[in-house]
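Reviewing the structure listed below.
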Amino acid sequence: MKFTYLLLNFFTVLIPLLRSNEPKLQFYSKWKFLLPGMLFTAIFFLVWDYFKTKYGVWSFNDKYIVGIRFFGLPLEEFLFFFTVPYACVFIYEAVSHFWDDRITDGLTRQLTLAFSMLSLAVSFFFLNKAYTFSVLFIGGIIFPAASYMLKGNSLNKFYITYIISLFPMAVVNGFLTALPVVIYNNNQNLNFRLGTIPVEDFAYSGILLIMNIALYDWEKNGRTVTFKIFERFTNPVGKKPA
């Protein structure tokens, strides 16, 4: 069905959108912090996506997309980099609200740095597999940078969010890879799958999430210029934000 990928995007974001006005979370009031990082991350991933599609690392099945393309990528792929991050940052906010006082910092930063260095080193053994190499190499750079941006216990909250997100991710990505909507060139990955999902997708998902969450958290704490711009447009002149 031509609307399959579009519907997957719709159902991914439906519940978070409907619950955005939840009184305890008031997620709708935090969109100004979410949008800058989400836009930056979407551009980063769309460029990555463009080159992977162009050079045949993966492709899209015309049977399951509406047929509108930009730069060779289907409309649904553009939407994916907004619907999935929105849903996952919503989960992050729920984790922050309901579990914050039970989550400690611990050794997570040190372990993240160690695994990132290992990821970078191992990536060079897979130069002949574009997808495997790129997730290991890019993840090895992004995770330490994001962990620096996530202060206090926020890095641990990210990992809890990631674990929770694996359940809806398995459903959505399961559809994408089982039909398949996205067709992978197994010469460019390890050809090892959990169900129908390439193992690299789990790392890809982690990179997408940590970039969005780190930039969101950074914005929310007022540490960037973009926060000041959004603050100016969303608050009356001369009135300080609450």
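Here, each number is a calculation from the coordinates, and none is a lab measurement. Quick caveat, the model's predicted, so the values are computed rather than measured. Because the Cβ atoms are built from the backbone with ideal geometry, glycine has one as well, and the counts that use them run over all protein chains shown.
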Check your understanding: For helix 31-54, what angle does its Cα long axis make with the longest principal axis of the chain, in degrees from 0 to 90 and rounded to 10?
Key -> 10
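Need the full-extension length gain, Val47 to Val66, defined as separation in residues times 0.36 nm minus the C-alpha distance. One decimal, nm. Intermediate values should be presented prior to the final figure.
Working: separation 19, 0.36 × 19 = 6.84 nm, distance 2.11 nm.
Answer, rounded to one decimal: 4.7 nm.
Okay, helix-only estimate at 222 nm for the chain: each DSSP H run of n ≥ 4 adds -39500 (n - 2.57), divide by all residues, round to 500 deg cm²/dmol; what do you get?
On the way: 8 runs with 156 residues, N = 242.
Calculated at 222 nm, the ellipticity per residue is -22000 deg cm²/dmol.
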Review point. To the nearest 10 degrees, how steep is helix 154-178 against the longest Cα principal axis of the chain, on a 0 to 90 scale?
Key: 40
Practice item. Excluding residues fewer than 8 places away in the same chain, name every one of the aspartates and glutamates whose C-alpha is closer than 17 Å to that of Lys129. Key: Asp49, Glu200, Asp201
Revision key, fill the gap. About its Cα centre, region 4-233 carries a charge dipole, from +1 on Lys and Arg Cβ atoms and -1 on Asp and Glu Cβ atoms, whose size in debye to the nearest 20 is 260
Exercise for review: Could you point to the residue in Tyr50, Met1, Asn21 farthest towards the positive end of the chain's charge dipole, with +1 and -1 charges on the Cβ of Lys/Arg and Asp/Glu respectively?
Suggested key: Asn21
Point to revise | Reported label for calculated Cα extents along the principal axes in Å given (1) 56, 42, 30; (2) 53, 47, 36; (3) 54, 38, 26 | key: (1)
Point to revise | Greater than 24 Å apart at Cα, pairs in Lys32/Lys54; Lys2/Lys54; Lys32/Lys52; Lys52/Lys157 | key: Lys32/Lys54; Lys32/Lys52; Lys52/Lys157
Revision key, fill the gap. So the angle from the long Cα axis of helix 225-234 to the longest Cα principal axis of the chain, reported in degrees to the nearest 10, equals 60
